[in-house]
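In what follows, a single structure is set out as structure tokens and then discussed.
The values are calculated or read from the model by the stated rules, or taken from the named source; none is laboratory data. Source: prediction; values computed, not measured. Quick reminder, even Gly has a Cβ in these numbers, built from the backbone with ideal geometry, and neighbours come from all protein chains shown. With ligands, DNA and RNA removed, areas are computed over all heavy atoms of the protein, side chains included. Shrake-Rupley method; radii C 1.70, N 1.55, O 1.52, S 1.80 Å.
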Amino acid sequence: MSSKKANNKKSRWLCGILYPEDNESHKKALSLILTKYNSLAINHDKDTYLFDVTDENGDIVHHKGDLKKAHYHFVVHFENARYISGFAKELGIEENVVQVCGSFKSTIIYCTHVDEPLKYQYQASDFVGWLVPQAIKILDKPQDPGDMLMDVLRFIQEHPSVSWFQLAEWCNTYGYYSTLMRNMSLIREVYFERRTAKYQHDYLERSKKQ
């Protein structure tokens, strides 16, 4: 998918990553996000490299345990869907640092590393913004296997063009990979059913234009 096509996506939930410590535009954007919008942000200033990172010559550029550059993850909720491109322009930042948020709950889980014990465990108290109470509710409630399965199925329904690899990548990123593996048969059935419906819809739309 081209970057232009991706940035033409719109949603009521957008999220992204900013580096306000060394980027003045990002600093201003973060301030605007937290004051103007129904939003949430968290400073990831304790992330470390889990493995040595080498350059193309094999030289180590980051050792295991080294701190990563501090950055903020943010989530914004709109009453009406907004385009990524328009929102990024309003903030004065690059479009590629903003994306459609798969689900608020999965983003909260991802931002705290609840499902990734090898990473630093961020707490509810690390969040700032108007959506903090909703984040606390999610973190205080144990993850129900049925709810997690519905999250995956809902993601498929809302993203009919997603590839199977992208679905697996999303599950792995946001802590749903075990859900995918436990319910592989059902998820595959729903996935291919949704893809077939999408292709049929697109075919009919093209036929109408001919």
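What translational diffusion coefficient, in µm²/s and rounded to a whole number, does the Stokes-Einstein relation yield for region 50-94 at 10 °C and a viscosity of 1.306 mPa s, taking the hydrodynamic radius as the Kirkwood radius over Cα pairs?
In µm²/s, the coefficient rounds to 112.
Straight-line reach from Lys69: which aspartates and glutamates have a Cα under 13 Å away, not including same-chain ones fewer than 8 places off?
Filter leaves Glu21, Asp22, Asp45, Asp47.
Sticking with the crude label model, points 7 Å out along Cα→Cβ, report the distance from Lys69 to Gln166 in nm, one decimal please.
Between Lys69 and Gln166, the simple spin-label model gives 2.6 nm.
For the chain, just give the cysteines left without a disulfide-compatible partner, judged by no other Cys Cβ under 4.7 Å.
Cys111, Cys171, each lacking another Cys Cβ under 4.7 Å.
Please identify every one of the chymotrypsin sites (Phe, Trp or Tyr not before Pro) in region 13-115 that sits in a loop by DSSP and has no more than 13 other beta carbons within 10 Å of its own beta carbon.
Counting only loop positions with at most 13 other Cβ atoms within 10 Å, the chymotrypsin sites (Phe, Trp or Tyr not before Pro) in region 13-115 are Phe51.
Top mean-square fluctuation among Gly58, Gly175, Gly102, Gaussian network model of the chain, C-alpha springs under 10 Å?
It is Gly58.
Just to be sure I understand the curve: with the Debye formula and one point per C-alpha of region 90-165, what is log10 I(q)/I(0) at q = 0.25, 0.26 Å⁻¹?
-1.26, -1.27
Quick check on the chain: helices-only [θ] at 222 nm, where DSSP H runs of length 4 and up contribute -39,500 (n - 2.57) each and the sum goes over total residues. Nearest 500, please.
-14500 deg cm²/dmol
Short version: what are the Cα gyration tensor semi-axes of region 143-189, square root of 5 times each eigenvalue, largest first, in whole Å?
The equivalent ellipsoid of region 143-189 has semi-axes of 15, 11, 10 Å.
If you build the convex hull over the alpha carbons only and average its shadow over all orientations, what do you get for region 36-75? Give it in nm² to one decimal.
3.8
Given a 1.4 angstrom probe, I'd like the percentage of the accessible area of region 37-121 that is carbon and sulfur, rounded to a whole number.
Ligands and nucleic acids excluded, carbon and sulfur reach 49 percent.
Rounded to the nearest 10 Å², what accessible area does Ser178 have for a 1.4 Å probe in the complete protein model?
That residue has around 60 Å² of solvent-accessible surface.
Which residue, Asp55, Asp47, Asp115, has the most motion in a Gaussian network model of the chain that connects Cα atoms within less than 10 Å?
Judging by the Gaussian network model, the answer is Asp55.
Return the subset of Lys119/Lys141; Lys10/Lys141; Lys64/Lys141; Lys28/Lys105 for which the Cα-Cα distance in this structure is over 24 Å, preserving the input order.
Long pairs (Cα-Cα over 24 Å): Lys10/Lys141; Lys64/Lys141; Lys28/Lys105.
Per 5 Å bin from zero, what fraction in whole % of the C-alpha pairs of region 1-104 is there, up to the bin with the longest pair?
Going out from 0 Å in 5 Å bins, region 1-104 shows 2, 12, 20, 20, 15, 13, 10, 6, 2, 0 percent.
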